[in-house]
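Student: Before we start, here is the structure in question, set down as structure tokens.
The values are calculated or read from the model by the stated rules, or taken from the named source; none is laboratory data. As the structure is a computational prediction, the values presented were derived from the model and not from experiment. Ideal geometry is used to build each Cβ from the backbone, glycine not excepted, and the neighbour counts take in all protein chains shown. What goes into the accessible areas is simple: the full protein's heavy atoms, side chains included, and nothing from ligands, DNA or RNA. Shrake-Rupley method; radii C 1.70, N 1.55, O 1.52, S 1.80 Å.
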Amino acid sequence: MGAGQEIAADAPNEKLSAGLSGEERRRYSRHVMLPEIGVAGQERLKAARVLCLGAGGLGSPAALYLAAAGIGTIGIVDDDRVALSNLHRQLLHGTKDVGRPKTESARDRLSDVNPQIEVRLHACRFESANAEAILRDYDVIVDGTDNFATRYLSNDVAVFARKANVYGSIFRFDGQTTVFAPHLGGPCYRCLFPEPPPPGAVPSCAEAGVLGVLPGIVGTMQAVEALKLILGIGEPLIGRLVHFDALKMKFREFNLRRDPNCPVCGERPTIVSPIDYEAFCHGAPDLTKAVPQIAVRELEQRMKLGQPFILLDVREPFEFGMAQIEGANLIPLGELPTRWQELDREKEIFVFCHSGVRSARAAEFLRAAGFPRVANVAGGIDAWSEEVDPNVPRY
Ligand SMILES: [Zn+2]
């Protein structure tokens, strides 16, 4: 059974049987002539309901192409207004729209691209209180949000509802996309990153900047994946992550694994209802302060001095493939309980991950396992890249 069949099974039957009008057959003729799509596929697109989280850089190309492709119902969630600084990448909006709610500007543009479709507006934040109710009326999520609270929330509710979540993210000149769908055999976002980084640990586009055309490429890839899932054609990007480096014009692919201990899609889930992450982050104890820390500059000094120590990387192999600190040993956090014996207890150990949260857990684990000298590298490889070695790619 293909992914598309499972998705279509959720759609109302009367919509599935809705045929194409003469005008629709003309509009979609270049689709219909593809044997992989045909009239049946186009009808399936017409019956499909896609929820676009965010009408920004990623949501713009995704929603434009999905509308043009004839997705019958497109939902847009966004509580923001159009700002002048959005226009270099958010092509749903024009100069005349500055100051308007993004949902309204998006509806006008999408309706112009394709008046045959329904555009539903959700001019609100996607929050724990409304996320499941909003998602109920859609088959697939295209997540184009730019903050961790929404990313974790959209992941969790998509897992609960057994709906595919097409992920995209952008940073400066680099972008990534994948499809999270544990019900179709792949991992979810929390399989890779069980917990969000501490507030402020990762800069946003507003703080770090982004090449304007980059979300155009990543958001368009998200639209491709959404269409493939709905049509049940090709090989969906489930269990694979595509990384795009605009400066090198290189695409690289990484395999992602499902984590049986994942707190939301694992065998014994501990998260079974939506969490309001803004509130949750403040209530959770900050482990990063509970273990000794070393700053990246200090780590650099220790390296230059040539003192013996173990540099332990507890990230996932796909992250190791994207960016590394030279000389580090890789033991992913999830494997530490069965592999810590590989480490020399006599040596000092500096642990790092992406931003310092997972490595704090690892450091705590090692100290509990009797390693006397363990410190957490504050800010992780992200801080290393920012402060010490800009040649290490950020992601
Ligand atoms: Zn998971």
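Student: So if we plug the beta-carbon distance of residue 85 and residue 120 into 1/(1 + (r/R0)^6) with R0 = 35 Å, what FRET efficiency do we get, rounded to 0.05?
Tutor: Using R0 = 35 Å, I get an efficiency of 0.80.
Student: On to the next question. Simple spin-label model, 7 Å along Cα-to-Cβ: residue 320 to residue 290 in nm?
Tutor: 2.6
Student: Listed here are the pairs 102/228; 163/248; 46/228; 102/163; which of them are more than 22 Å apart at the Cα? Could you put the intermediate results ahead of the total?
Tutor: Numbers: 102/228 27 Å; 163/248 34 Å; 46/228 14 Å; 102/163 25 Å.
Correct reply: 102/228; 163/248; 102/163.
Student: With every protein chain kept in the model, how would you rank 220, 338, 103 by accessible area, 1.4 Å probe, largest at the top?
Tutor: Output order, biggest surface exposure first: 338, 220, 103.
Student: Each residue of the stretch 356-373 in turn: what ³J(HN,Hα) in whole Hz from Karplus with 6.51, -1.76, 1.60 and θ = phi - 60°, glycine and Pro shown as x?
Tutor: Listing the rounded values in order: x, 8, 5, 5, 5, 5, 5, 4, 5, 4, 5, 5, 5, 7, x, 7, x, 10 Hz.
Student: Which of rounded, prolate or oblate describes the stretch 81-208 when judged by the alpha-carbon gyration tensor and an a/c cut-off of 1.5?
Tutor: Oblate is the answer for the stretch 81-208, as a/c is 1.5 or above yet b/c matches or exceeds a/b.
Student: Name the shape class, rounded, prolate or oblate, that the alpha-carbon gyration tensor gives for the stretch 282-395, where a ≥ b ≥ c are the square roots of its eigenvalues, rounded holds for a/c under 1.5, and otherwise prolate holds if a/b is larger than b/c and oblate otherwise.
Tutor: It is rounded, given that a/c, with a ≥ b ≥ c, falls under 1.5.
Student: Under unit Cβ charges (Lys, Arg +1; Asp, Glu -1), what dipole magnitude, rounded to 20 debye, does the chain have relative to its Cα centre?
Tutor: That gives a dipole near 520 debye.
Student: A follow-up question, please. Can you compute the charge dipole magnitude of the stretch 16-153 about its Cα centre, using +1 on each Lys and Arg Cβ and -1 on each Asp and Glu Cβ, nothing else charged? Give it in debye, rounded to the nearest 20.
Tutor: Charge dipole, the stretch 16-153, about its Cα centre: 320 debye, nearest 20.
Student: Same structure, new question: Determine the percent antiparallel among the DSSP beta bridges restricted to the chain, to the nearest 5.
Tutor: On the way: 19 of 50 bridges.
In the chain, DSSP labels about 40 percent of beta bridges as antiparallel.
Student: As a test of reading the structure, rank 25, 151, 109 by solvent-accessible area (1.4 Å probe, protein chains only), most first.
Tutor: Ranked from most to least accessible, the order is 25, 109, 151.
Student: Here is a further query. If you fit an axis through the alpha-carbon atoms of helix 102-113 and take the longest principal axis of the Cα set of the chain, what angle between them do you get, 0 to 90°, nearest 10?
Tutor: 50
Student: Sticking with this one: Give the whole-number value, in cubic angstrom per residue, of the convex hull volume spanned by the C-alpha atoms of the chain.
Tutor: Dividing the Cα hull volume of the chain by its residue count gives 140 Å³.
Student: Could I ask something else about it? Considering the dipole of the stretch 218-350 built from charges on the beta carbon (Lys and Arg +1, Asp and Glu -1) around the Cα centre, which of 303, 247, 218 is farthest to its positive end?
Tutor: The one lying farthest along the dipole's positive direction is 247.
Student: Rolling a 1.4 Å sphere over the protein heavy atoms, what is the accessible area per residue of the chain, to the nearest Å²?
Tutor: Per residue, the chain has 44 Å² of solvent-accessible surface.
Student: What is the set of long-range amide H partners of residue 240 at a cut-off below 5 Å, with H atoms built 1.01 Å from backbone N?
Tutor: Under 5 Å from the amide H of residue 240: 179, 256.
Student: Accessible area of the chain with a 1.4 Å probe: how many percent of it is carbon plus sulfur?
Tutor: 51
Student: Taking 0.36 nm per intervening residue step and subtracting the Cα-Cα distance, what contour gain separates residue 369 from residue 213 on full extension?
Tutor: Extending this stretch completely gives an extra 51.3 nm.
Student: Which of the peptides 326-337, 237-248, 178-189 is most tightly packed, and how do the rest follow, going by the mean number of other Cβ atoms within 10 Å of each residue?
Tutor: On the way: 326-337: 15.2, 237-248: 17.3, 178-189: 22.3.
Listed from highest to lowest mean packing, they are 178-189, 237-248, 326-337.
Student: State the answer as a single residue: which of 392, 191, 84 lies farthest towards the positive end of the charge dipole of the chain, with beta carbon charges of +1 for Lys and Arg and -1 for Asp and Glu, about the Cα centre.
Tutor: Positive-end residue among those listed: 84.
Student: So for 195, 346, 43, what's the accessible-area order with a 1.4 Å probe, most first?
Tutor: Order by accessible area, largest first: 346, 195, 43.
Student: So who's got an amide H within less than 5 Å of the one on residue 329, skipping anything under 5 residues away but keeping other chains? H placed 1.01 Å off N, in plane.
Tutor: Amide H neighbours of residue 329: 311, 312, 313.
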